[in-house]
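Trainee: Pasting a structure here, questions to come.
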């Protein structure tokens, strides 16, 4: 089995050592100390492990690290730019869009992917896009509110 | 190893199930505090023995004797003005770190940012029975208010002494004491400087009435929220220790299986350790994938035993009801038989509820480290001190050699009372001679964690033609006695709980049996309303006619008003339902609108009115009520554990449906803020109204009465 020795994570080249079949989640958490991505189910059903691969949301729990090598990976730790929270992070804070917050990293990264392809989603579009992410505490209405709020902020920042 | 690793089939009744409280060995003294804190001002709250027993140990025989005067909480004001508060409660997403910080800020009159809570660390925080039963707000909130107000009085006294003025004329505000007459001002930090004060207070200081709250009572964002949106917060599965290795446990193929033989030879590899202790088998390896590979290579033979399956569950529960008083005395008044004979409307029905899983997104996990004969374990649990005791017993070491630390945890919902992962990690760490991290897989969660009990509930009711209830009989098999009594006025009643030896491991859950009992009661109240002569009675009118409790009437009326009950007819294929009740001093009423679409039930709109006394953090409270309703949707509509012969069949999220974004209805919350009534906890009770309100709405929409939870796991059958 081929060994993978480097990943591009949050804009930096990170040396690693893993079999290509090792889940990306395990490498991020245990080798690179990026524990913002969470294990929730191991089968891509809950979205807690979501990271961005070239700006697309991926379940890192069932993405082999071999498939991630050579792509640009963004984790929650790399979302804030220049010490400023991403508008989505700020919106989750403002809306109180979490309780235990174990799902929050995955929610924010999935939402970031949504807003990249659809900067002005309707409420229904948000629900559909986010449906693969589970919040067991049931803060869904606030998460929708936060995402719509962030979309507005980002639109304002652009204009 | 102790029996702690095996399945426990006893119901863990909320706060009743706990082992007797531990005598707390801390000897309060000024010297100890100064050693810990170096200087400043410390305030310790002493809870008298009787009060402590009453607060947290109801029905615990011999409990009072074993419980000395307890230290409930303590607070330290440092010489730079930083306030540290110590409480044994755990943050599991219910946001008590924020609501307790808010309470301290209010009483101490200090800025929120100057206050830090140290929670659920058995070496640093006072003993606590556990975070369950919605006790944090009525109990710990008051205790922290007491130490905070005592500290405020202390700094005022220090200022008065220093300035040689009467303390009565001084004002404490925003972390400062001011003398409006003399124009002097000193910060709390300046006042604490050079001090070495320690004061014990007994729970009797005057507290601010709710009507005078300025910080508490208002929305406050999660105090450490930024740590969560940036991924910085360290949950138990994120903890890393020097030299740490990863553990995995070999699970039996089914409940009750015992190990016949084990061949470990294929698993042998450098740095892989296999540990066996009775039926417990586990491995450790330098990485999680290596540990998984080693586990897969173990060749174990298990002896299985026949066990019940979910398709025969309800017959099993009825047939295996225990006698012998473990269910408590039945409640009986008047004669149900006589009253039923003369009733003009009657109901006799059976309701069932399935086992369901808490499925907290953070699975059970622990990191265990032995050092110098002392064991330290990080784990997500609602009972850090209970888990400390479990660990001490499992390894036959004194409790003071065990430290349990609970990082703010990825939810629990009543599912993290036990220390399974902690004991397993500690056993593996002992074998490996290195710290071990053990994170359960989702599949392990769905089989080896405990479940919300399944149950069968039989109801008989009778009423006069005018809608006056005359007879009420209610038998609950296995799911539990909480909220089993009816809040309605009925002269003839018989109410009984029948415990059963459960075929699956069962335990606490958000509101536990109150959900099942409310589902059965509030569905049958609806059925009775419709069964009344002359075309039945409006279900809300029927309830109010038989209800004297003013607080419950008020939430029913508030929910009905917001919902527009009786004001309009539902659209074609839609229906309205209402239900409510009382649990843990919280009063709730929920009205729901459903739509029947292609034989599926979609919940369109939910209105919940809630009264839990004085509201501390309305934003956090609304978040809890929304969350309870959404979590309740799962158990109401589609969540159920399917099992066969001791094996759970749907042990993954791909096979066990939980509520998602697209299941969520419009939810409106009405808070009845009763500033004149002490606050009750609110994380649990709001869940109980949802299922019966939805079931009643389905009947209204379709004429089909659904009497089993979940109601529509495979859609609405014609």
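The values are calculated or read from the model by the stated rules, or taken from the named source; none is laboratory data. As the structure is a prediction and not an experimental result, all values here were calculated from the model. Counting neighbours? That spans all protein chains shown, and the Cβs are built from the backbone with ideal geometry, glycine included.
Trainee: What number goes with the only condition from (1) buried (at least 22 other Cβ atoms within 10 Å of the Cβ); (2) within 11 Å of another protein chain (Cβ to nearest Cβ); (3) more than 12 Å from the chain's Cα centre (by Cα); (4) within 19 Å of residue A:71 (Cβ to Cβ) that residue A:24 does not pass?
Mentor: Condition (2) is where residue A:24 drops out.
Trainee: Can you tell me which residue among B:177, B:223, B:202 is touching a helix residue (DSSP H, G or I) at 6+ places or on another chain (Cβ under 7 Å) and more than 14 Å from chain A (Cβ to nearest Cβ)?
Mentor: Only one candidate qualifies: B:177.
Trainee: Let me confirm something: among B:222, B:218, which residue is buried (at least 21 other Cβ atoms within 10 Å of the Cβ) and in a loop (DSSP other than H, G, I, E, B)?
Mentor: B:222
Trainee: Look through region B:325-367, keep the residues that are within 14 Å of another protein chain (Cβ to nearest Cβ) and in a strand (DSSP E or B), and return whichever of them is surrounded by the most Cβ atoms within 10 Å (Cβ to Cβ).
Mentor: Here the answer is B:367.
Trainee: Check off (1) free of Cβ contacts under 8 Å to residues at least 60 places away in the same chain; (2) under 18 Å from residue B:367 (Cβ atoms); (3) buried (at least 18 other Cβ atoms within 10 Å of the Cβ) for residue A:33 and give me the number that stays unchecked.
Mentor: Condition not satisfied by residue A:33: (3).
Trainee: If you don't mind, there's one more thing I want to ask. Just the residues that are within 7 Å of chain A (Cβ to nearest Cβ) and surrounded by 24 or more Cβ atoms within 10 Å (Cβ to Cβ), please, taken from region B:618-627.
Mentor: Residues satisfying the conditions are B:623, B:626, B:627.
Trainee: Next up: Just to be sure I understand, how many residues within region B:673-718 are in contact with a helix residue (DSSP H, G or I) (Cβ under 6 Å, 6 or more places away or on another chain) and more than 29 Å from residue B:642 (Cβ to Cβ)?
Mentor: So the answer is 5.
Trainee: While we're on this one: Condition first: farther than 22 Å from residue B:238 by Cα, within 7 Å of chain B (Cβ to nearest Cβ) and outside any helix (DSSP H, G or I). Now tell me which residues in region A:102-133 satisfy that.
Mentor: A:131
Trainee: Now for a separate question. So, in region B:681-704, how many residues would count as being on the phi < 0 side of the Ramachandran plot, in a loop (DSSP other than H, G, I, E, B) and either surrounded by fewer than 24 Cβ atoms within 10 Å (Cβ to Cβ) or in contact with a strand residue (DSSP E or B) (Cβ under 9 Å, 6 or more places away or on another chain) (or both)?
Mentor: Here the count works out to 6.
Trainee: Let me ask something else. Somewhere in region A:67-76, is a residue crowded, with 20+ Cβ neighbours inside 10 Å and at the interface with chain B (Cβ under 9 Å from one of its Cβ atoms)?
Mentor: Checked against the condition, which is being crowded, with 20+ Cβ neighbours inside 10 Å and at the interface with chain B (Cβ under 9 Å from one of its Cβ atoms), region A:67-76 yields at least one hit.
Trainee: Residues A:99, A:90, A:45: which one is in contact with a helix residue (DSSP H, G or I) (Cβ under 8 Å, 6 or more places away or on another chain), at the interface with chain B (Cβ under 9 Å from one of its Cβ atoms) and closer than 21 Å to residue A:138 by Cβ?
Mentor: A:99
Trainee: If you don't mind, another one. In region B:485-531, how many are part of a loop (DSSP other than H, G, I, E, B) and touching a residue at least 40 places away in the same chain (Cβ under 8 Å)?
Mentor: Count: 18.
Trainee: Can we say residue B:646 is closer than 30 Å to residue B:505 by Cβ, over 20 Å from the mean Cα position of the chain (by Cα), surrounded by fewer than 23 Cβ atoms within 10 Å (Cβ to Cβ) and touching a residue at least 24 places away in the same chain (Cβ under 8 Å)?
Mentor: Criteria met by residue B:646.
Trainee: Could I ask something else about it? Go through A:63, A:35 for me and flag whichever is in contact with a helix residue (DSSP H, G or I) (Cβ under 6 Å, 6 or more places away or on another chain), farther than 23 Å from residue A:141 by Cα and facing chain B (nearest Cβ under 9 Å).
Mentor: The conditions single out A:35.
Trainee: Hey, among B:464, B:442, which residue is at pLDDT 95 or above and in contact with a helix residue (DSSP H, G or I) (Cβ under 9 Å, 6 or more places away or on another chain)?
Mentor: B:464
Trainee: Given (1) more than 7 Å from every other protein chain (Cβ to nearest Cβ); (2) modelled with pLDDT under 95; (3) touching a helix residue (DSSP H, G or I) at 6+ places or on another chain (Cβ under 8 Å), where does residue A:83 come up short, assuming only one miss?
Mentor: Tallying (1) more than 7 Å from every other protein chain (Cβ to nearest Cβ); (2) modelled with pLDDT under 95; (3) touching a helix residue (DSSP H, G or I) at 6+ places or on another chain (Cβ under 8 Å), residue A:83 fails exactly one: (3).
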